[in-house]
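Below is one structure; the comments refer to it alone.
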Amino acid sequence: MPNVPWLLDVLRGAGVTCVTEGDWVNRYRPGSFDPIGVLWHHTAATSSASNPHPALNVCINGRPDLTGPLCQALVDYNGVFHLISAGRANHAGASRGSGPIPAGDGNTLMIGWEIDYNGVNQQMTSAQYNASIAATAAVLTRLGRNSTYARGHRETSTTGKIDPSFIDLDVMRADVAARMSGGGGTWSSIVDNTTSGRFTASANWGTSSYSTQRYGTDYRFADPVAASDPAWYKFAVPTAGAYRVDVWYAANAGYNSAAPYIVATTSGNQTVNVDQRTGGGAWRSIGTFNLPAGDANRVAVSRWTNGTGLVIADAVRLTRL
Ligand SMILES: [Zn+2]
């Protein structure tokens with residue numbers, strides 16, 4: 001039975017962008033469906049801005065060894081929910097029991113999100129994460145269950161599934177709980193030097209994967225120069241307010257002793273110099289800044305410094321306070 005025909009309204013009510021895929025309400029597997037929880041997956045397909053939902057067709061139609069639909073919704077690269085089924089889907093297999101979810105038929109017990117990223121050398125995008133948190137909180141509220149009823153497939157699988165990769169599921173549940181408690185949830189967004197459409201640097205910036213402290217597959221580097229040639233990170237800041245800015249770089253004795261990070265705040269540019277010889281391979285806060293709303297270049301790494309050594313531009317994260 002299409003037991004969750006309310007899914008579209010509930011998700012849209014939570015501010016989640018949705019599209020419906022054909023007759024999604026009446027596309028489902030025979031058998032029981034009485035969900036009490038939400039299960040997160042990754043598809044193992046490589047998504048991108050130009051190919052945001054590579055696994056959509058297989059999630060709708062299934063594959064030779066498994067009949068579709070394979071989830072209730074697919075979450076694309078941009079965080080858009082594609083609604084595929086309002087009934088039972090082949091996503092969970094058997095549950096071994098996890099938290100309050102008992103052992104049994106996972107496809108009866110849980111609504112599944114297939115989040116479209118490869119999980120090997122590609123992480124979930126911030127847009128996918130934020131939308132999945134909002135959707136999970138809204139559905140669990142509708143089901144009358146708390147955040148412990150949100151699980152990852154690797155927690156319930158009886159066959160060694162590893163999805164969703166790169167996600168701390170306890171942090172996920174804490175974020176769902178925060179959203180359910182009426183907090184708007186903490187908005188956070190990461191732009192890496194490889195994030196499509198959000199990182200800009202001139203050809204004077206080289207590309208390297210030398211240091212294992214890199215974020216993602218590689219990072220950019222350039223010699224210091226007394227000229228303006230910054231690498232920019234563009235963010236869609238949701239509301240005007242205070243944001244913590246964290247930076248990630250690979251550290252090395254040959255990297256810059258005073259790399260200037262420029263933050264474009266509501267009151268003009270502010271610069272924080274960071275010693276990139278140490279403290280790499282982790283998020284490092286450079287402070288809290290008031291930012292205007294809107295999608296714009298918001299943080300830069302400048303080459304214009306008296307510091308010595310290569311200036312590194314890797315990843316930047318904004319978090320609303
Ligand atoms: Zn899975």
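Laboratory data are not the source of any read-out in this text; all were calculated from the coordinates shown. Keep in mind that this is a model prediction, so the values were computed, not measured. When we count neighbours, we look across all protein chains shown, and the Cβ atoms used for this are built from the backbone with ideal geometry, even at glycine.
Among Ile167, Ile133, the order by Cβ neighbours within 10 angstrom, fewest to most, reads Ile167, Ile133. Classified by the C-alpha gyration tensor, the chain has a prolate form. Its axis ratio a/c, with a ≥ b ≥ c, is 1.5 or above, and a/b is larger than b/c.
Once the Cα atoms are used to define both axes, helix 169-180 deviates from the longest principal axis of the chain by about 80 degrees. Compute the label zone of Ala103 within the stretch 33-65: residues whose backbone N is under 20 Å from the point 7 Å along Cα-to-Cβ. Those under the cut-off are 36-37. Helix 126-143 and the longest principal axis of the Cα set of the chain meet at an angle near 30°.
Listed from fewest to most Cβ neighbours within 10 Å, the set Tyr129, Tyr249 follows the order Tyr129, Tyr249. Taken about its Cα centre, the stretch 189-320 carries a charge dipole of roughly 240 debye when the Cβ of each Lys and Arg holds +1 and the Cβ of each Asp and Glu holds -1. Only DSSP H runs of four or more residues enter the estimate; each adds -39500 (n - 2.57), and after division by the residues of the chain the mean residue ellipticity at 222 nm equals -4500 deg cm²/dmol.
Here the dipole of the chain is about 360 debye; that uses its Cα centre as origin and unit charges on the Cβ of Lys and Arg (positive) and Asp and Glu (negative).
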